[in-house]
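Comments concern the structure below.
Rule-based calculations on the coordinates, nothing more; no lab input. None of these values were measured; they are calculated from a predicted model. FYI the Cβ positions are ideal-geometry reconstructions off the backbone, even for glycines, and counts take in every protein chain you see.
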Amino acid sequence: MSSHRSTPCTLATTGACRRRTGAPVAALLLLAVLPAAEAHFAWLEIVSLESDQVEVAVVFGHHPPAERRLPVERIIEVEVISPDGTRRPARPADDGWRGQVAGPGSHLVAARQRPSFWSRTVEGGRNASRREYPDAFSCRVSDNAMKTVIAGQADDGHSPAVTQAVGHRLEIIPEADPTRLSAGDRLPLRVLFDGEPWQGMLRATWAGYPAEHDDDYPVHLETGVDGRAVLALPRGGSWLVHANAETDHPGPAVCDRQAWNAALAFTLR
């Protein structure tokens with residue numbers, strides 16, 4: 001891991017795989033460590049938090065603050081997961097999502113975006129596959145999944161919903177509740193792909209980090225063969241962690257590349 005900036009951050013929000021068998025999985029492992037510099041991805045921002053309700057927005061870009069919100073019709077589902085593991089669907093509210101916060105303890109909000117095609121054509125970039133643009137220079141389809149942690153009361157004990165897998169295809173799982181940590185602490189992470197340990201590159205940043213270009217992240221670290229890594233947290237505030245895995249698309253007449261993105265957002269106290 002490396003950190004090369006000392007500029008104070010300005011908060012802008014409140015808020016591969018390794019199988020024991022199978023050559024295709026090994027191929028994915030090799031591809032997963034490749035950077036995806038040109039690819040945007042989605043994450044969750046907390047818009048408001050009341051005593052029993054949370055409102056979140058699915059946002060999009062390379063770094064926080066986000067470039068824009070994604071419209072609700074591009075999202076498959078948003079769930080609020082309570083400390084006991086109960087899942088409650090969030091409902092569209094304006095251009096965000098609103099869900100119930102039930103009881104003490106840290107909650108988790110999880111969401112998935114509808115698979116999104118992006119083709120480079122003679123007409124420019126298009127949100128379409130090779131079915132619509134068979135002569136496209138390239139085509140990528142991305143499957144985005146994202147999570148954010150809602151801090152509970154300071155003394156309400158362990159919140160297992162935060163540290164357990166949700167079931168996303170590619171998923172970053174904190175092995176401690178990050179909202180209980182402070183600047184200078186370390187956060188153990190586990191990454192799974194199809195439920196198996198994933199070995200690849202994680203990128204992390206904080207809200208307000210002065211990125212000079214799309215692939216400028218202050219933190220890069222690689223998971224081990226067990227899918228684990230430890231993230232040092234040199235400063236407080238809002239953090240974003242991203243993982244990307246990519247391989248050939250199974251239908252070359254449809255698209256060239258299949259990508260999966262996972263994002264984890266949290267705020268240190």
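Looking only at the range 52-67, which residues have a backbone nitrogen under 18 Å from a spot 7 Å from the Cα of HIS213 in the C-beta direction?
62-63
Under a crude label model (7 Å from the Cα following the beta-carbon direction), how far is ALA128 from ARG228 in nanometres?
4.9 nm
Over the range 23-268, calculate the relative contact order: mean separation of alpha carbon pairs under 8 Å at least 6 apart, over the residue count, as a percent. Don't skip to the end; give the middle numbers.
Working: 629 pairs, mean separation 49.8, N = 246.
Relative contact order for the range 23-268 comes out at 20 percent.
Under a 5 Å amide H to amide H cut-off, with H placed in plane at 1.01 Å, what residues pair with GLU175 once short-range neighbours are removed?
For GLU175, the qualifying residues are LEU189, ARG190.
Can you work out ³J(HN,Hα) from phi for every residue in the range 242-249, in order, using Karplus 6.51 cos²θ - 1.76 cosθ + 1.60 and θ = phi - 60°, giving whole Hz and x for Gly and Pro?
10, 10, 9, 10, 8, 8, 5, 6
Please give the residues of the range 228-269, grouped as numeric ranges, whose backbone N is less than 12 Å from a label point set 7 Å along the Cα-to-Cβ vector of ALA183.
233-238, 268-269
Using Stokes-Einstein with the Kirkwood hydrodynamic radius over Cα pairs, what translational diffusion coefficient do you get for the range 55-108 at 4 °C and a viscosity of 1.567 mPa s, in µm²/s rounded to a whole number?
On the way: Rh = 12.2 Å.
Stokes-Einstein gives a translational diffusion coefficient of 107 µm²/s.
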